[in-house]
Amino acid sequence: VILGCAPPLTDLDPESIPQTELQRIDHVGRVFLHEYGRYTLLVEETGGTIIQRRFGMQFECSRQPNLIADVPKNEPMWAEYYVLLGGMWAADCEQLMSIHLHSAQDINGAGWNHGKFGSGQTLVVE
C-alpha cells in the first residue's frame, strides 16, 4: 500500500493549475543548477543589492526550464516564470520557464541535499 498526500503524477494536468501571467526577472548575474529543475538565480537589484531567487524547491515546481543562449555579451541575463496558484500542496509556487543566457558557460554547479538519502554538488562538464 502506498499512501501520500498528493495525486499520482500521472493524474496531474499542468493546464488545470491556475497560474499568473508570465513574470520576468531582469539583471540575472549568476545561474546555479542544484539538480534537475532546481535553480538559484542571483539577481542584482537597484542600488547594488544582490538577492537569491530559488526555483523548483517544491516538488510540483521542479520543472526543467528552457535554457536559451540569446543574450548579447554586453546585456544582462534574464528569466521568466509563472506563479502556480494553489498548486498540488495548496500553496502558491514559482515555476521557472526559461533562462536567457549569454552562453552555456553561464550555468554554475551548486549543492543539493536529500537528508538521509545523501547530498552532493552538481558539477559543470565542459
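Read the figures in this text as sums done on the coordinates, not as results from a lab. None of these values were measured; they are calculated from a predicted model. Note: ideal-geometry Cβ built from the backbone for every residue, glycine included; neighbour counts use all protein chains shown.
Here are a few things to note about the model shown:
- Exposure proxy shown here: for T46, T122, T40, T20, the number of other Cβ atoms within 10 Å sets the order, fewest to most, as T46, T20, T122, T40.
- Panel order for Y39, Y82, by other beta carbons found within 10 Å of each beta carbon, from fewest to most: Y82, Y39.
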